[in-house]
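Below is one structure, written out as structure tokens; comments come after it.
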Amino acid sequence: MQPVKLCAFLVTIDLLIKSEGWELTNISTPIIEFKNVGLSYGDDEVLKNIDLELEAGKFYTLLGPSGSGKTTILNLISGQLTVTHGDILFEGNIINDVPVEKRHMNTVFQDYGLFPNMTVFENVAFGPSIKGMSKKDIKTKVTEMLTLVKLNQYADREITELSGGQRQRVAIARALANDPEVLLLDEPLSALDYKLRKEMQYELREIQQRLGITFVFVTHDQEEALAMSDWIFVMNDGVIQQNGSPEDIYDEPINHFVADFIGESNILDGIMKTDYLVHFTGKDFENVDAGMRPNERVEIVLRPEDLDLTAIENGKLIVTIADQSFRGDYYEITAIDDDGNEWQVQATNKSKIDERVGLTFDPEDIHIMRFNESENDFDARLESYEGEEDAEK
Amino acid sequence: MRKIITSIMAILVIILILFGAQRYLSSKTGTNVSSDKVLNLYNWGDYIDPALLKKFTKETGYRVSYETFDSNEAMYTKIKQGGTSYDLAVPSDYMIQKMKREKLLLPIDHARLTGIGNYDNRFLNQSFDKNNRYSLPYFWGTLGIIYNDKYVNAKDIQHWDDLWSPQFKNQIMLVDSARDGLAIPLITQNKSVNDKSRADLAAAQAKLRTLMPNIKAIVADEIKMYMAQNEASIAVTYSGEAAEALNNNKHLHYIVPSEGSNLWFDNIVMPKTAKHKAAAYAFLNFISEPKNAAQNAEYIGYATPNKKAVALLPKAIRDDRQFYPNSQTVSHLQVYDDLGQTWTERYNDAFLEFKMTQR
Amino acid sequence: MPKSKKQRQLFYLMPYGLWLLLFVIAPLILLLFQSLTTQNGQFTLHNYALYFSSGTYLLMTFNSVWYALLITIITLVISYPTAYLLNQLKQKQFWLLLVILPTWINLLLKTYAFIGLLSKTGTVNNFMSLFGIVPQQLLFSNWSFLLVAAYIEIPFMILPIFNSLAEINPRLEQASRDLGANRWQTLRRVIMPLSMPGIKAGIQAVFIPSLSLFMITRLIGGNRVITLGTAIEEHFLVTQNWQLGSTIGIILIVAMVITMIFTRDRKHSRKRG
């Protein structure tokens, strides 16, 4: 089957599944599963009781700052590290003690890890030749992989003759040449310049969709994660803070860390007086959240792009423009309200410094975060009142 | 190409400069002390009682600058190449002959010698220096056999031919020297140790080859250490080395086969580089004094050619037939001549080929 | 101070260049010159003719190469795994120091130490006698010679291999395992090829000096092993035929150059056709 046709076919299936409202989880066991996995070096707990499930054929991202444990998870999956407690399952079987070379997954390393003593061809052929493939099959395979990453003209080059971006592609081709069921990518784009990184993000996504295998992508770049992933795990301090689709994560951050780490946020303290009524900056605002105790202390998130500047009389709050900078398609404005809170606003029009203006936002743009709410509780609460809303409608 | 030529030119220029510098240095007095009240003595390492040097300075006022060498050839090269001003040196027999032939020595004026009468006539007027025109004997010795009485009966090892006895399989250490190695078969075949016949040399080599099964190792100065440690039961080496080995192991004995062996000499000569002749003659006379010669012989442990000195030695040394063999044995001893370049190489090649015989 | 960059570079190269000229190139030319003259200073090829027509010297040459080869193989076989393991250790610099330590000791001292170990009344035989084994003749055999020569050369083999292994990015081993290669395949196909420069440097550092070993051939080998080093020593010290000694020296140098050519680091050796 031609790759392009395969791609189209997969997309069709994908659409079909989505339109029918099927859940992939319902029809297959997870390809990778962590059950209460922990990893410690002496007293240093690097990972704490991780549970996760990865479905076949999706693009997953482990997102977090350095030291958050995201690469540790990747190394546990690949087998470079062994768990201190808990189980790792592959297609339902425990693989805790399966050595690296026996796992059906391959890794694209941050520094590529290409063999400098081999040509591009030999690098890509390494896996297949270890498997004992015939010379002819190897050649076919390598050619196919190099074509996939658009390097078929470079087969005979030495690694040292390649640019960073080309090395990146060789690393991808080499990992894919082994026909892995899961491809692990450890911050593979971090060494590339901005433009090349954008290009590779697009290509990686395309390759993943064309091949239909599972990608687990590690990054600290939230923009990258949002752009590429089907599903994101946000990590901090060895714990998964939140997981969900890029939209969920962005729109409904579960806590201060996630809200702060993903995108720009204005985070304020407030009180949830009753359902759908929140109090902050000395005023009450209507909102769309519910399910909390009356007068519960909460944090409020307002994204800069959801805020608008308007005439004073139309503003929900009155602010003074403190600073502004031009960002191409918008102005990034810093404004101070009368309580002294600082607001980041993305505005389409230029403002004047020290001008007093109104600040406005929609009720549905106010996002409420409870303190120490677990992900499960969070999901349950969201479901309870969103279900109500649907019913009301 | 031009670069290569330039660098080759540079190299040639440097070589020329080096040659020139060497010539210039040779013409100068060199590095030795050259003030008048001094004696530049060039000798083997640890080959004189240091107390005698002090005594000499005290008696004569000449300060001694003592430099050492560890082989005749090294000494020869240094004197021949110049740049030195040694007043006296102590080469061995064949080397004296060679240096004499190459006019590297100054004749000794016997009128200025006071102690020549103290020497034993048997050790004067040797073939390498007739009438002692160029040298005075310093020490003498022999080539012989050390054996260990823990492993070998004295009666089993009295003659060179006994070395070939099958009972000594892999037990003999041979000194690593072409002249000495080949002297053994030459003597057993009634030939001169200075034989210059190709057939005789080939026969000697062939006979030596048949000794190979009995040979454990062919080593040099280390023989004395190995013998003292009981590593081998028999060794062929010089009397001087033997004396040291015997000192360290009371089971060791040294014999000089009565049918003959090598007689070697270390004589004092005056190289043509000598600058302080008065000092040199003073030393020759000083060391010829029986008392001084005896003190030196006792300290070094080698046999002195000074017969009045021998009389002064303790009886145990004087009568030790191992190192002062009887007259009959001495009369059978042969001194090595300088064989000349061609024959020196033939002897060495013959010995080298012998060493490479498969064991 | 010279102005242009090139001039400055030349200026900095001067001391080393002079050193090279005076103590390497000039002596080499003198050696070559001497090997091509008679003792009276006339030009001749006689020395070379003599060398190549003499069964003794050819056999000696063969011996030299053969024993140097054996010493090199023995040290390589011991050194590679050692260097590999050293690299995995936590305190590797410390362990490496222990390996290098013996090179600080004078060669003659080490040789005498071995005489003390291997002699009939030496440590090894004393130890064996505890188990009722009668003293064995350990010195003066090919084996004792190889043992001591290998012992002396091992640090010079371990060091370059260790360095080349240490330079290998540990990621490559990870990558190889990740691509399905087991430990042995990883060693064979990734680590060994990448440490080849170290292996070659080690071979050079061991094979070349081993060609002209002479002292331990006598002290430990009891002259059972005769190499070209022995012949050179003899011609310079005993027969004083410096011309022939120089000839053998030149032949040794040629052998060394050949070794260097065979073991040089070829960066872009292969191109796929």
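Any read-out appearing in this document is the output of simple, stated calculations on the displayed coordinates, not a laboratory observation. This one's a predicted model, so the numbers in the text were calculated from it and none came from an experiment. Glycine gets a Cβ as well: all are built from the backbone with ideal geometry, and neighbour counts include every protein chain shown.
Miscellaneous remarks
- Counting, for every residue in A:101-108, the Cβ atoms of other protein chains within 10 Å of its Cβ and taking the mean gives 4.
- Here's the list of lysines a cross-link from A:Lys139 could span, going by alpha-carbon distance under 19 Å and ignoring same-chain residues fewer than 8 apart: A:Lys131, A:Lys150, C:Lys271.
- Residues whose amide H lies under 5 Å from that of A:Ile32, counting only those 5 or more places away or on a different chain, are A:Leu54, A:Glu91; hydrogens are built 1.01 Å from N in the peptide plane.
- Radius 15 Å from Cβ of C:Pro170, net charge of other residues (Lys, Arg +1; Asp, Glu -1): 0
- Fewest-first ordering of A:Val182, C:Val206 by other beta carbons within 10 Å of each residue's beta carbon gives A:Val182, C:Val206.
- Calculated over segment C:1-127: convex hull of Cα atoms, volume per residue (Å³): 284 Å³
- Debye-sum result for the protein assembly as shown in log10 I(q)/I(0), which assumes one identical scatterer on each alpha carbon, at q = 0.04 Å⁻¹: -0.42
- Look at the alpha carbon pairs under 8 Å that are at least 6 residues apart: their mean separation over the length of chain C gives a relative contact order of 26 percent.
- Taken along the Cα-to-beta-carbon direction at a fixed 7 Å, the label points for B:Lys307 and C:Ile261 span 6.9 nm.
- A:Gln242 long-range amide H proximity, modeled H, under 5 Å: A:Val234
- Near the amide H of A:Leu317, within less than 5 Å, lie the amide hydrogens of A:Leu359, all on another chain or at least 5 residues away, with H placed in the peptide plane.
- Average Cα contact separation per residue, chain B, under 8 Å, 6 or more apart, as relative contact order %: 26 percent
- Restraint check, B:Lys355/C:Lys200; B:Lys207/C:Lys120; B:Lys216/B:Lys250, Cα-Cα greater than 24 Å: B:Lys355/C:Lys200; B:Lys207/C:Lys120
- Along segment A:353-369 the Karplus relation, 6.51 cos²θ - 1.76 cosθ + 1.60 evaluated at θ = phi - 60°, assigns HN-Hα couplings of 4, 6, 6, 9, 9, x, 10, 9, 7, 8, x, 6, 7, 7, 10, 9, 10 Hz to successive residues, with x for each Gly and Pro.
- The Rg/Rh ratio of segment A:141-246, with both radii computed over alpha carbons and Rh defined as the Kirkwood radius, is 0.99.
- Cβ neighbours within 10 Å from other chains - mean over C:133-142: 3
- Above-threshold pairs, the threshold being 32 Å between Cα atoms, out of A:Lys198/A:Lys352; B:Lys169/C:Lys110; B:Lys169/B:Lys224: A:Lys198/A:Lys352
- Within straight-line cross-link reach of B:Lys291, lysines at Cα separation under 26 Å, skipping those fewer than 8 residues along the same chain: B:Lys37, B:Lys54, B:Lys55, B:Lys58, B:Lys277, B:Lys307, B:Lys308, B:Lys315
- Peptide B:349-356 has a mean shielding of 5, counted as Cβ atoms of other protein chains within 10 Å of each residue's Cβ.
- Peptide ranges B:78-85, B:178-185 listed from the most packed, as the mean C-beta count within 10 angstrom indicates: B:178-185, B:78-85
- Estimated translational D of chain C in µm²/s (Stokes, Kirkwood radius over Cα pairs; 4 °C; 1.567 mPa s): 59 µm²/s
- Gyration tensor (Cα) of segment B:138-265, equivalent ellipsoid semi-axes in angstrom: 23, 17, 13
- Dividing the summed -39500 (n - 2.57) terms of all DSSP H runs of n ≥ 4 by the residue count of the protein assembly as shown sets its mean residue ellipticity at 222 nm at -14000 deg cm²/dmol.
- The shape of segment C:177-245 can be summarised by an equivalent ellipsoid whose semi-axes, obtained from the alpha carbon gyration tensor, come to 44, 13, 6 Å from longest to shortest.
- Positive-pole candidate from B:Ser127, B:Leu53, B:Gln81, dipole of segment B:35-171, charges at beta carbon: B:Gln81
- Solution diffusion estimate, µm²/s, Stokes-Einstein, chain A, Kirkwood Rh from C-alpha pairs, 20 °C, viscosity 1.002 mPa s: 91 µm²/s
- Computed from point charges on the beta carbon alone (+1 for Lys and Arg, -1 for Asp and Glu), the dipole magnitude for the protein assembly as shown about its Cα centre is near 11080 Debye.
- Backbone HN-Hα couplings from phi across segment C:181-194 [Karplus 6.51/-1.76/1.60, Hz, Gly and Pro as x]: 7, 7, 4, 5, 4, 4, 4, 5, 9, 10, 5, 4, x, 6
- In segment C:169-273, a dipole from Cβ-located charges (positive for Lys and Arg, negative for Asp and Glu) runs towards its positive end, and of C:Ala231, C:Leu187, C:Ala205 it is C:Leu187 whose Cα lies farthest in that direction.
- Reciprocal of mean inverse Cα separation for segment B:141-216 (Kirkwood radius, Å): 13.1 Å
- Descending Cα extents along the principal axes, chain B, whole Å: 68, 63, 37
- Phi-derived couplings, Karplus 6.51 cos²θ - 1.76 cosθ + 1.60 at θ = phi - 60°, listed residue by residue for segment C:152-157: 5, 8, 3, x, 6, 8 Hz, with x used for Gly and Pro.
- Of the residues A:Gln110, C:Leu97, B:Gln97, the one whose Cα sits farthest towards the positive end of the charge dipole of the protein assembly as shown is B:Gln97 (charges of +1 on Lys and Arg Cβ, -1 on Asp and Glu Cβ, taken about the Cα centre).
- Shown for chain B are the DSSP H helices of 27 Å or more along their axis, judged by Cα atoms, with a mean Kyte-Doolittle hydropathy of at least 1.0: B:2-27.
- Using only side-chain charges placed at the Cβ, +1 for Lys and Arg and -1 for Asp and Glu, the dipole size of chain B relative to its Cα centre rounds to 1060 debye.
- With only Cα atoms counted, segment A:56-174 has Rg and Dmax values of 16.3, 47 Å.
- When peptides C:131-137, B:195-201, A:71-77 are sorted by average Cβ neighbour count within 10 Å, with the highest value leading, the order is A:71-77, B:195-201, C:131-137.
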